[in-house]
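Report on one structure; see the data block that follows.
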Amino acid sequence: MKTVTLIGKPGCHLCEVARDVVVRVCEETGAAWEEKDINQDPELYRLYWEQIPVVLVDGEQHDFWRVDPDRLRGALMA
């Protein structure tokens, strides 16, 4: 089973939209998902501050800013 990690921050509109896509696609594919607050992790902040929301699949960067549901679905089904 693959795991999707959504990295964002509270109050971020794009993060809310990305969360909706991640939740929907993970429900469809059976993938697990987690969410991390970039403000709570200095390393995530250093790596991704200018790109949030960021989506990782099994720890590898998959997307940022906007999450394409078809592309995410394809990565989870591969």
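For segment 3-15, how many residues meet the condition of being surrounded by fewer than 18 Cβ atoms within 10 Å (Cβ to Cβ) and more than 15 Å from Y45 (Cβ to Cβ)? Number satisfying all stated conditions: 4.
None of V21, V17, V67 is of a type in the set (V, I, T), assigned to a helix (DSSP H, G or I) and in contact with a helix residue (DSSP H, G or I) (Cβ under 6 Å, 6 or more places away or on another chain) except V21. Please determine whether any residue of segment 22-35 is in contact with a Leu (Cβ under 6 Å, 6 or more places away or on another chain), open to solvent by 70 Å² or more (accessible area, probe 1.4 Å) and among the charged types (D, E, K, R). Yes, that holds for at least one residue. Is one or more of the residues making up segment 1-13 part of a helix (DSSP H, G or I) and touching a residue at least 12 places away in the same chain (Cβ under 8 Å)? No, that holds for no residue. Counting only residues that are out of contact with any helix residue (DSSP H, G or I) (no Cβ under 7 Å at 6 or more places or on another chain) and under 20 Å from V17 (Cβ atoms), which one in segment 40-51 is surrounded by the fewest Cβ atoms within 10 Å (Cβ to Cβ)? My answer is E50.
Each row is one residue, and each column tells you yes or no for (1) open to solvent by 40 Å² or more (accessible area, probe 1.4 Å); (2) not aliphatic (A, V, I, L, M).
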| site | (1), (2) |
| --- | --- |
| M1 | yes, no |
| V17 | yes, no |
| D37 | yes, yes |
| P53 | no, yes |
| V57 | no, no |
| Q61 | yes, yes |
| F64 | yes, yes |
| R73 | yes, yes |
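The values are calculated or read from the model by the stated rules, or taken from the named source; none is laboratory data. As the structure is a prediction and not an experimental result, all values here were calculated from the model. Neighbour counts run over all protein chains shown; Cβ positions are idealised from the backbone, glycine included. The area values use the complete protein model at the heavy-atom level, side chains included, leaving out ligands, DNA and RNA. Shrake-Rupley method; radii C 1.70, N 1.55, O 1.52, S 1.80 Å.
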